[in-house]
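The values are calculated or read from the model by the stated rules, or taken from the named source; none is laboratory data. Not measured: the values here are computed from a predicted model. Glycine gets a Cβ as well: all are built from the backbone with ideal geometry, and neighbour counts include every protein chain shown. Each accessible area value is taken on the protein alone, full model and side chains, heavy atoms only, with ligands, DNA and RNA left out. Shrake-Rupley method; radii C 1.70, N 1.55, O 1.52, S 1.80 Å.
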Amino acid sequence: MRELLSVTFILVHLTATMVWLGGIAFILLVAIPSAKQILGGDAGKLIGEVGKRFTPMANLSIFFLLLTGISLMAINGTISGEALKGGSGTAMLLKCLLFLVMAGVHFFRGKVLAPRIAKTQSDGAKARLQKLSLNLVWLNFGSGLVVLLLSASVGAW
Ligand code: HEM
């Protein structure tokens, strides 16, 4: 039973990883450049719609990563303070901290920046906020790659 639970949680954990980090990679490396290439100044409208459709999927992925992550830690017995010592423990702690930063950035963009951009009248101010928002997505992309490195190194020490 324990093995079945572990396999199920890892499956959901890896699927949530694919949806969230894969979605960020697709938007940054494929959707935005393609939209700019074809639509020029109107690219923002298409990317806005893509972002709106991706947000609920990212929210769900964050929820399932946390839920299955804690469950896996409980099953693997890595939830105790003792287990969070040493190389693996440090990697898991750093991973959880970086995950919280990534989730914080995601909700800050969605709940604070997006409404502020929509309300801003001046083109200059709107462009600056949009640039900040895009840079935060790049930050989450980079952080996600570091989390993957930390995930691969847990258990390797
Ligand atoms: C962006 C967020 C996250 C990503 C991309 C991610 C990715 C991964 C990956 C790829 C694995 C499989 C590693 C392997 O099979 O060797 C994994 C395993 C695991 N993750 Fe995450 N994870 C994330 C967040 C979390 C969080 C927040 C927690 C804890 C609350 C967590 C706890 C775990 C645990 C306990 C394992 C199993 C480790 C093992 O025993 O091999 N993960 N994660």
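Residues in segment 33-45 that are open to solvent by 30 Å² or more (accessible area, probe 1.4 Å) and touching a residue at least 12 places away in the same chain (Cβ under 8 Å): G44 alone.
Being more than 12 Å from the ligand (Cβ to nearest atom) and either touching a residue at least 40 places away in the same chain (Cβ under 8 Å) or open to solvent by 50 Å² or more (accessible area, probe 1.4 Å) (or both): is that true of L28 here? Yes; evaluated as a whole, the condition is true for this residue.
For every residue, the table says whether it meets (1) part of a helix (DSSP H, G or I); (2) at pLDDT 95 or above.
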position: A31; (1), (2): yes, yes
position: F54; (1), (2): yes, yes
position: F64; (1), (2): yes, yes
position: I70; (1), (2): yes, no
position: S80; (1), (2): no, no
position: G89; (1), (2): yes, no
position: I117; (1), (2): yes, no
position: Q121; (1), (2): no, no
position: G124; (1), (2): yes, no
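For S153, are the conditions met, namely being closer than 29 Å to C96 by Cβ, out of contact with any Pro (no Cβ under 6 Å at 6 or more places or on another chain), of a type in the set (S, T, Y) and away from the ligand (no atom under 16 Å from the Cβ)? So S153 does not fit the description; no.
Screening the candidates S133, S143 for the property of being at pLDDT 95 or above and touching a Lys or Arg at 6+ places or on another chain (Cβ under 6 Å) yields one hit, S133.
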